[in-house]
Amino acid sequence: MAHGGNDETVVRDVYFKDGQLPVNGIYPVGTIIVKHLKNSEGIVEERTAVVKRGNDFNAEGGDWEWFMLAPDGKIARDENGNAMRGANLMNGMCLQCHTAAKAKDYVFSK
């Protein structure tokens, strides 16, 4: 499971910019969601984000763009220096997984 989803010792802190809520089940364009994953010692080990782009940016994935973030909050870079962002981030793994939450605008919630 991505993001420590199958590990009970992982704590996930999720932040919504300006407390965005879905409207008729769809998050508005411009919604930003950031997630920090902390290990059992409270150390943040992963930082991810999604942004609702709109305008058919990623029609297959609800117009969301996925990001991996560096500790300073900037977009992380892979070993080749490429920004870790996009509709096809992680060779489509983000889209594949989040498709399971399509009914909730591709966003997992409790």
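The values are calculated or read from the model by the stated rules, or taken from the named source; none is laboratory data. No experiment lies behind these values; they were computed from the predicted model shown. When we count neighbours, we look across all protein chains shown, and the Cβ atoms used for this are built from the backbone with ideal geometry, even at glycine.
Close Cβ contacts (under 9 Å, 6 or more residues apart or on different chains) running from residues in segment 68-88 that are under 13 Å from residue 34 (Cβ atoms) to residues that are surrounded by 11 or more Cβ atoms within 10 Å (Cβ to Cβ) and of a type in the set (Ser, Thr, Tyr) comprise 68/48; 69/48.
Looking across segment 95-110, just one residue is at pLDDT below 90 and farther than 22 Å from residue 23 by Cβ, and that is 97. With respect to the conditions (1) surrounded by fewer than 17 Cβ atoms within 10 Å (Cβ to Cβ); (2) in a strand (DSSP E or B), residue 80 falls short on a single one, namely (2). Is it the case that some residue within segment 27-38 is loosely packed, with under 13 Cβ neighbours inside 10 Å and under 19 Å from residue 97 (Cβ atoms)? Among the residues of segment 27-38, not one is loosely packed, with under 13 Cβ neighbours inside 10 Å and under 19 Å from residue 97 (Cβ atoms), which makes the answer no.
Take segment 55-77 and flag every residue that is closer than 14 Å to residue 106 by Cα, out of contact with any Gly (no Cβ under 8 Å at 6 or more places or on another chain) and surrounded by 11 or more Cβ atoms within 10 Å (Cβ to Cβ). The answer is 58, 60, 61, 62, 64.
Could you please let me know if residue 12 is of a type in the set (Lys, Arg), surrounded by 13 or more Cβ atoms within 10 Å (Cβ to Cβ) and modelled with pLDDT under 90? Criteria met by residue 12.
What residue, among those in segment 33-62 that are under 14 Å from the mean Cα position of the chain (by Cα) and among the small types (Gly, Ala, Ser), is nearest to residue 22 (Cα to Cα)? This residue is 62. Close Cβ contacts (under 7 Å, 6 or more residues apart or on different chains) running from residues in segment 40-53 that are among the small types (Gly, Ala, Ser) to residues that are assigned to a strand (DSSP E or B) comprise 49/32; 49/33; 49/34; 49/67; 49/69. When 29, 34 are checked against the criterion of being in contact with a strand residue (DSSP E or B) (Cβ under 7 Å, 6 or more places away or on another chain), without any contact (Cβ under 8 Å) to a residue 60 or more places away in the chain, not acidic (Asp, Glu) and not in a loop (DSSP other than H, G, I, E, B), a single residue qualifies: 34.
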